[in-house]
Amino acid sequence: MRLVRANPLAALQRLLDLGLRTADDALNETTIRLAVTGLSRAGKTVFIVSALANLLAMGRRHDTLPALARRLGGGERLVAVHRAPSGSATVPHFDLETKLAALAGSTPAWPDRTTDLSRTAVTLTVARDGPLGRIAGPRRVTLEILDYPGEWLLDLPMLSQRYAAWSRETLALLASPPRSAAGAPFLAWLGGVRADDPADEAVARRGHELYRAALLSLREQGFRWLQPGRALNPGPRGDAPVLHFFPVPDAPEHPAPGTLAALLAERHARYREDMQETEFRGKLDRFDRQIVLVDVLGALHAGEAAFDDTARAIAAIAKALRRDGLLARLVGWAQPSHLAFAATKADHVPASARPALAALLAALIGAEATAEGRSVHAIAALCATEDVVVRRGGETVEAVSGIPVGERERRSFDPGTIPAARPDAAWWRAPPFRFDGFRPPALDPLAREGLPHLGLDRLLAEVLGDALA
Amino acid sequence: MTDRGANGRRGPGFADAQPPAREEVAPPRQPAILAEVPPAGDAGAVTPRWSPRRLGRPDSGSGTLGLVAAGAGVLLAAWAVFGLAGLIAGQFAVSPLLGWLSVGAVGAGLGLIGAAGVREARALAALGRVDRLRAALADPAAPVAPVRDQALAWVSEVARRVPEVERVTPAIAAAASVEEVAGHLRAGVIAPLEAEAARLGRRAAVEGGAVVALVPAPSLDALIAGWRGLRLVREVAALYGLAPGLAATRRLVARTVSIAATTAGADLIAQTAAEGLVGATPVLKEIAGTVPGAGVAAFRLYRLALATAAACSPLPQRLA
């Protein structure tokens, strides 16, 4: 009231600004929460780096994402792209600049394994069409993206499982070949342990160490269904007693107090609560659209068991993140409204084999791939190779060429035949093939013209296009 | 023997002959890193063929009206040049003294027009510098050193009129990121400039509102408000180190109108509240009660000052 008397114009301006801002936000502000999920080493961090760099370069008027630009009237409706302020977010900031600097350094390197959550947001200012649209002003579409350690996502299906059921399922899986070879030391040790043994801290710790060693060995072999995720990737909070549990045979539903099973069940329950409260709630349960990244080629080359393991893990993650029950669909709250699956590292296969890579991913996903609002792609968020034609065993084959990780010279890589469907038994007779991929290409550390990619634009246009139209 | 029924369809049975040999299916090719080195010239690091084309801008390129205007301009200039040349030649034909006098008069005229042109070019260049700084500040991936230099140059320009903004110079010189530069500009330069622009706006509002209230003919209201508004735009622009000439003012007014237009829809919604407050505010109530429209004219001038400040600011909208 004092301000109104002292300076009526300023008071009026303040009121008008408040009204304008509120009305403008209601009319023009849209936030899209995009969950970029996938198993570890699927390329989530590089995907986010490339998506951000290319969107920001679009703001500098470079047509880095042509399919997305077409949704924006050839880019004419795109007014600006800028990083959205972080506000008072409690999730760490996704450090784009540092990651770009590592990719484009004198010794180019892929980002390290993601060890913690991080968040980033970018705002696209988009002009509206038509006279009425021009009166309403341009829209601001803020895209919020969360980077997440892939290992932790496998804890999502665990959240609804009690210790006894988890223990039974995990042991059955570990005891079956070829997993049993990696799990042999743990399984042998477990032969001398019973669920109703008295609880003992040293025994629990030893069991956890052996179980963790088995999980690490399996991860190296290309297996992905590995629980609990923080046993492999403890995150910034490090190792803690709550992580020290493992499956035991014949774990009862209600273990007697003071037994080893009771101690392990207690830790299992606390672990689930902790992950739910600290890492998932308010983060992975609040999103509108989802992209699931899958290293299909790596799974194919790792052998039949690893391939099936990947399929199982992907299906479980997608199911755990879905909120599209009948009620949610009826009231329009179904999540995600758009779900895209992408086979990453498509630059590891020549152009002619990329459709087969996408088809293989569709086959791996099954019926879910063809549902409404779903799409399947083959992409390389950062293209590190060039297509070449080479001679192999007297035969001319299409291959790709790049500098393999850890080497200094360029080599040609023939990914072999890429089947368009799940291969039959004869296919899997060949031994697993291990390849760490190619190192990043020569890049501008500031990515002023974006980053070279394959198919990223079509994927983003599919997932975000309607929100920008 | 296979038996054929009445319909000619082959029924089940044993064949005497050997079944035809199955077509040989090539075994799947296994993945491999090939020993063969790629052809010479492709041996170094992969440098992707990546050169995205430029995106189109709305309203880019010359429209029909632009071409007509350009053609008219050329004709006018040619008419003036040939007319002046004819005039000088005619004067020389009469007497050399008159010829030289006409050369002097034409030269002085052209010199003044040239001086105005230089001033316009400087004003447009200053506007261009602010536009470039705005584009750089909107891009966190831009290299920080040139952005820092541009920001410091702009701050030193602004400091001629508002010396207090110089306090952020060391902080900007030490900034390690584009976002940091923007933060120092926002806190140390834009905030005092906006306060000063608001003061200019209030002065213009009081003057403009009073003049509108005093003018006997309502038809002159728009003219007076427009003249005061134009002066206000130039005052605020000068505050931001732009000192605009005719062309730069025209461009600035277009930008100001564009900023106002982007919130036009929201403006309509907020208008009711604003007018309500006009009626409840003592000073404006008096003016508005005396002459309908004067209060609104005053308020619009005040709003114009703030919109011009936003148009002149190197910080992108919404980041300001």
#### Entry: Fewest-first ranking of A:Met58, A:Met275, using other Cβ atoms within 10 Å as the exposure measure
A:Met275, A:Met58
### Query
Taking square-rooted eigenvalues a ≥ b ≥ c of the alpha carbon gyration tensor, is the stretch A:146-279 rounded, prolate or oblate, where a/c under 1.5 means rounded and, failing that, a/b exceeding b/c means prolate?
oblate
### Task
Bin all alpha-carbon pair distances of the stretch B:191-254 at 5 Å intervals from 0 and give each bin's fraction as a whole percent.
4, 17, 24, 20, 17, 11, 5, 1
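Here are some pairs, A:Lys44/A:Lys319; A:Lys283/A:Lys345; A:Lys44/A:Lys99; which of them have Cα atoms lying more than 21 Å apart in this structure? Before the final figure, lay out each step's value.
Values: A:Lys44/A:Lys319 19 Å; A:Lys283/A:Lys345 27 Å; A:Lys44/A:Lys99 13 Å.
Those over the limit are A:Lys283/A:Lys345.
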### Message
If neighbour count is taken as other Cβ atoms inside 10 Å, put A:Ile48, B:Ile88 in order from fewest to most.
### Response
B:Ile88, A:Ile48
#### Entry: Global geometry of the stretch A:389-469, whether rounded, prolate or oblate, following the gyration tensor of its Cα atoms and the 1.5 cut on a/c
oblate
### Task
Would you order B:Leu214, A:Leu264, A:Leu468 from fewest to most other beta-carbon atoms within 10 Å of each residue's own beta-carbon?
B:Leu214, A:Leu468, A:Leu264
### Task
Please work out how much length the chain gains when fully extended from B:Ala222 to B:Ala174, using 0.36 nm per residue of separation minus the C-alpha to C-alpha distance, in nm with one decimal.
12.4 nm
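Please work out how much length the chain gains when fully extended from A:Ala420 to A:Ala109, using 0.36 nm per residue of separation minus the C-alpha to C-alpha distance, in nm with one decimal.
On the way: separation 311, 0.36 × 311 = 111.96 nm, distance 3.12 nm.
My answer for the length gained is 108.8 nm.
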#### Entry: Where Rh is the Kirkwood radius over Cα pairs, Rg/Rh for chain A
1.02
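Only the coordinates and a few stated rules stand behind these numbers; no lab work does. Source: prediction; values computed, not measured. Here the Cβ is made from the backbone with ideal geometry for all residues, glycine too, and neighbour counts use every protein chain on show.
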